[in-house]
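Quick notes on the structure that follows.
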Amino acid sequence: MADECLICGAPLEYLGEDILMECAICRRTAPSKTRCTKGHHVCDGCHMKGLDTILEICLKEEGTGPVAIADRIMASPFCHMHGPEHHAIVGSALLTAYRNAGGDVDLSEALPEMLRRGMAVPGGACGFWGACGAGISAGMFVSIATGATPLSDSSWGLSNRMTSRALSSIGDVGGPRCCKRDSYLAILSAIDFAREELGVEMARPEVACAYSSRNSQCIRGRCPFWRPRARPILYRTRAITRP
């Protein structure tokens, strides 16, 4: 399954505490809770290699639908079924659609900042922090779009309310994690929020997930986007090689 170990395909396991592990790709050692059942560990940095693809796609994009933009990014070879890359994808797709729908934001500055912030949210935050990175990414979108800082007034509140709404939507569906489902939920929450609070109307489609066959933990009928006959997403998975 594409959602399991990037080295050997074995199932992942999550430990109760951090232990020092060597990344099977870059060979750097750092504390982590995540490895596969055969002992392979891939650090977040290697998992997110190729994130600049987001800039290439978004800076050329003219559409006002963040779901469609996110789907284009997620179909790129660098993006896996699950992983911390989604913590940057959600906010980037939203910023792009927001700008194209009339929002006042400079994408050439906003997107690199979104990538920096998204990369700071580690993989597994959904379970270990109790705050899914996709939901946090939606809050980052509002923070960047409104220029919020820790000393801001209304924009500070808007950013936190956006994160809260996205996390509530994600939490209502429940687990286990699915980075595609959680990304869609966060984006749809942000579309509604931007219309209500920021006065910008982005396209809001009916989402039909085509990733079920790639996700061994798919919750199927409990997922609002599951369709039994959805066509699978076909894309090349980036080859993982050891140095």
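Distance from the alpha carbon centroid of the range 73-119 to that of the range 170-185 works out to 18 angstrom. In this structure the amide hydrogen of Ile7, modeled in the peptide plane, comes within under 5 Å of no amide hydrogen from residues 5 or more places off or on another chain.
The phi torsions of the range 17-23, fed into the Karplus equation with coefficients 6.51, -1.76 and 1.60 and a -60° offset, translate into couplings of 8, 5, 10, 6, 9, 8, 5 Hz, rounded to whole numbers, with Gly and Pro shown as x. Proximity of backbone amide H atoms, modeled 1.01 Å from N, is registered between Met21 and Ala30, Ser32 at under 5 Å, excluding neighbours fewer than 5 places apart on the same chain. The label point for Trp156 and the one for Ser108, both projected 7 Å from the Cα toward the Cβ, are 3.2 nm apart. If R0 is taken as 22 Å, the Cβ-Cβ distance between Lys49 and Ala10 corresponds to a FRET efficiency of 0.60. Value of Rg to Rh for the range 89-206, rounded to two decimals, is 0.94; Kirkwood radius and Rg both from alpha-carbon coordinates. Phi angles of the range 211-228 translate, via the Karplus equation with coefficients 6.51, -1.76, 1.60 and θ = phi - 60°, into HN-Hα couplings of 9, 3, 5, 9, 10, 6, 9, 4, 8, 6, x, 7, 8, x, 10, 6, 10, x Hz per residue; Gly and Pro are given as x.
Picking from Arg28, Arg214, Arg165, which is most flexible by a Gaussian network model of the chain using Cα springs under 10 Å? It is Arg28.
Loop-resident GluC sites (Glu not before Pro) (DSSP state other than H, G, I, E or B) in the range 26-118 with no more than 15 further Cβ atoms inside 10 Å of their Cβ: Glu62.
Surface composition of the range 35-176: carbon plus sulfur atoms contribute 52% of the solvent-accessible area (1.4 Å probe, protein chains only, all chains present). Calculated accessible area for the chain comes out at 47 Å² per residue, all protein chains present (probe 1.4 Å; ligands, DNA, RNA ignored).
The values are calculated or read from the model by the stated rules, or taken from the named source; none is laboratory data. What you are looking at is a predicted structure, and each value in this text was computed from that prediction instead of being measured. Reconstructed Cβ throughout: ideal geometry from the backbone, glycine too, with neighbour counts over all protein chains shown. The area values use the complete protein model at the heavy-atom level, side chains included, leaving out ligands, DNA and RNA. Shrake-Rupley method; radii C 1.70, N 1.55, O 1.52, S 1.80 Å.
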